[in-house]
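> One structure coming up, written as structure tokens, with questions to follow.
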Amino acid sequence: MSVRPFEANTPRIHPSAYVDETALVIGDVEIAQDSSIWPMSVVRGDIQSIRIGARTSIQDGTIIHVTHDSRFCPGGQPTVIGNNVTVGHKVILHACTIEDFCLIGMGAIVMDKAIVQSRVTIGAGSVVPPGKVLESGFLYVGSPIRQVRPLNERELEFLEYSAQNYQRLKDRHRALTAPAEAICDPTPIKPEAAPATPPAAPKPRTRRSSTPKRS
Ligand SMILES: CC(C)(COP(=O)(O)OP(=O)(O)OC[C@H]1O[C@@H](n2cnc3c(N)ncnc32)[C@H](O)[C@@H]1OP(=O)(O)O)[C@@H](O)C(=O)NCCC(=O)NCCS
């Protein structure tokens with residue numbers, strides 16, 4: 001997996017979590033137990049922090065970022081994702097808060113300071129504008145997003161099922177993928193020493209004539 005520090009901050013990932021080899025996790029990021037980060041996702045905690053709770057899945061191609069401290073956003077804005085959240089494929093979560101047991105549909109965008117309260121489903125391709133608060137227990141869809149109706153019993157149950165399903169799936173992937181420590185030699189690679197003298201130029205090769213010599 002590709003995990004790297006940024007300045008003083010190194011990602012902290014629970015040993016039971018799964019980060020796909022092609023995902024990228026940078027800086028001030030915490031990923032709690034049994035969560036999963038799927039292929040080609042980016043979790044970039046360079047200019048503020050990112051917190052991902054337990055049993056949460058961040059599916060393929062998702063981008064999670066934050067906002068830096070400036071006069072336009074004093075203190076900056078972290079991204080906080082709760083427990084048992086399903087983040088679908090190719091979602092963008094930017095400096096926002098997602099509470100427990102939510103489902104963020106494929107391709108949705110959640111912008112700065114938006115708050116998605118617990119047990120909300122966001123339809124695929126929706127856009128949640130900055131600062132918007134989505135009320136617990138409802139279905140939301142559209143761009144800009146609008147509240148559609150309360151989630152029914154079956155849909156609420158699905159939010160729990162979805163988190164459990166992805167927890168099981170990440171265990172199957174982990175079983176097939178050797179942990180990074182097992183396949184990487186931790187010895188730092190030394191830079192190749194420069195040669196003391198430049199290597200001798202190769203001698204020009206004489207071409208052999210293809211015509212047979214006369215006897
Ligand atoms: C939002 C979703 C749950 C709606 O399910 P649903 O049972 O069809 O909901 P409803 O039938 O009550 O639809 C409500 C309205 O929203 C519309 N709608 C449904 N999904 C929509 C979407 N993604 N964007 C915009 N409108 C949507 C419906 O057409 C309907 O419109 P109408 O009232 O004008 O007829 C589903 O379409 C969806 O987007 N699921 C996301 C799945 C996903 O991404 N999972 C993650 C991958 S694991």
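Nothing in this text is a laboratory measurement; each read-out follows from the coordinates by a stated rule. This one's a predicted model, so the numbers in the text were calculated from it and none came from an experiment. Ideal geometry is used to build each Cβ from the backbone, glycine not excepted, and the neighbour counts take in all protein chains shown.
> Pairs please, first residue from the range 81-98 and under 14 Å from ARG119 (Cβ atoms), second anywhere and among the basic types (Lys, Arg) and crowded, with 19+ Cβ neighbours inside 10 Å, Cβ atoms under 8 Å, 6+ apart in sequence or on different chains.
Between residues of the range 81-98 that are under 14 Å from ARG119 (Cβ atoms) and residues that are among the basic types (Lys, Arg) and crowded, with 19+ Cβ neighbours inside 10 Å, the close pairs are ASN83/ARG55; ASN84/ARG55.
> Further, regarding this structure: Is it true that TYR161 is in a strand (DSSP E or B) and among the aromatic types (Phe, Trp, Tyr)?
Working: in a strand (DSSP E or B): no; among the aromatic types (Phe, Trp, Tyr): yes.
Criteria not met by TYR161.
> Among the residues of the range 124-138, which ones are within 11 Å of the ligand (Cβ to nearest atom) and among the polar types (S, T, N, Q)?
Hit for the range 124-138 is SER126, nothing else.
> Here's a check for you: in the range 97-123, which residue that is assigned to a strand (DSSP E or B) and over 18 Å from the mean Cα position of the chain (by Cα) is farthest from the ligand (Cβ to nearest atom)? It would help to see each step written out before you state the result.
First, pick out the residues of the range 97-123 that are assigned to a strand (DSSP E or B): 97-98, 103-104, 109-110, 115-116, 121-122.
Now narrow it down to the ones that are over 18 Å from the mean Cα position of the chain (by Cα): 115-116, 121-122.
Values: ILE115: 19, VAL116: 14, THR121: 5, ILE122: 7 Å.
Among those residues, the one meeting the criterion is ILE115.
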